[in-house]
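Colleague: The structure's right below; bear with me while I get my questions together.
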Amino acid sequence: MWICPKCGREFKRTNQGHYCGKAPETVLEYINSQPIETRSHLTEMMIILQKSVPCVNERILWSMPYYEKEGKSISFSACKKHVSFYVGIKAIEKFALELEEVVTKKNAIYFPYDRELPTKLIEDIAKWCLS
């Protein structure tokens, strides 16, 4: 076990990345707590998800933005070089052809900060996952 010297939380992996402060209460609070250079991508991601699926429930869960509707969910988080979009393995398989130019791992899609977000693709994935 590794204990973070800043916050005292225990982790299985040494030097595991995590958020040391109080968990944000809203998605905007989460975005505003991130480095300035990541905020435009995170804000755009939030807006796409809000507009893609009517009546989606937005909240913070596991210290990151979380969207759910009728028992289905997706989420995203800020990483050092990319936005991680957690959609599940079935969504990654379904949209495999459209995702050929981005990195995917397990249940996540990584959208790098140095490229524009693929708005239409994110919208289509959100609709598929939450409808």
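Colleague: Using the alpha-carbon atoms, what tilt in degrees (0 to 90, nearest 10) does helix 119-130 show relative to the longest principal axis of the chain?
Modeller: 90
Colleague: Using bins 10 angstrom wide from zero, how does P(r) for the chain break down, in % of all Cα pairs?
Modeller: 12, 42, 34, 12, 1
Colleague: Could you work out how far the C-alpha centroid of the stretch 13-52 sits from that of the stretch 63-131, in angstrom?
Modeller: 14
Colleague: Can you pull out the trypsin sites (Lys or Arg not before Pro) in the stretch 27-101 that DSSP calls coil and that have at most 16 other Cβ atoms within 10 Å?
Modeller: Listed in order of number, the matching sites are Lys80, Lys81.
Colleague: Quick check: at a probe of 1.4 Å, how many percent of the accessible area of the stretch 1-127 sits on carbon and sulfur atoms?
Modeller: C and S atoms contribute 52 percent here.
Colleague: Chymotrypsin sites (Phe, Trp or Tyr not before Pro) within the stretch 1-63: which are DSSP loop residues with at most 15 other Cβ atoms inside 10 Å? List each step's numbers first, then the result.
Modeller: Working: sites: Trp2, Phe11, Tyr19, Tyr30, Trp62; in loops: Tyr19, Trp62.
Passing both the DSSP loop test and the Cβ count: Trp62.
Colleague: If the chain between Asp114 and Asn32 were fully stretched, how many nm would it gain, using 0.36 nm times the residue separation less the Cα-Cα distance?
Modeller: 27.6 nm
Colleague: Please tell me which of these pairs span more than 18 angstrom C-alpha to C-alpha: Lys90/Lys127; Lys94/Lys127; Lys51/Lys127; Lys22/Lys106?
Modeller: Violating the 18 Å Cα-Cα cut-off are Lys22/Lys106.
Colleague: I would also like to ask the following. Through the Karplus equation 6.51 cos²θ - 1.76 cosθ + 1.60, θ set to phi - 60°, convert the phi angles of the stretch 70-75 into ³J(HN,Hα) values in whole Hz; use x for Gly and Pro.
Modeller: The phi angles translate into 6, x, 9, 8, 9, 8 Hz.
The values are calculated or read from the model by the stated rules, or taken from the named source; none is laboratory data. Worth saying up front: this structure is predicted, and the values here are computed from it rather than measured. Positions of Cβ are generated from backbone atoms using ideal geometry, with glycine treated the same way; all protein chains shown enter the neighbour counts. Heads up: the accessible areas ignore ligands, DNA and RNA and are worked out on the full protein's heavy atoms, side chains in. Shrake-Rupley method; radii C 1.70, N 1.55, O 1.52, S 1.80 Å.
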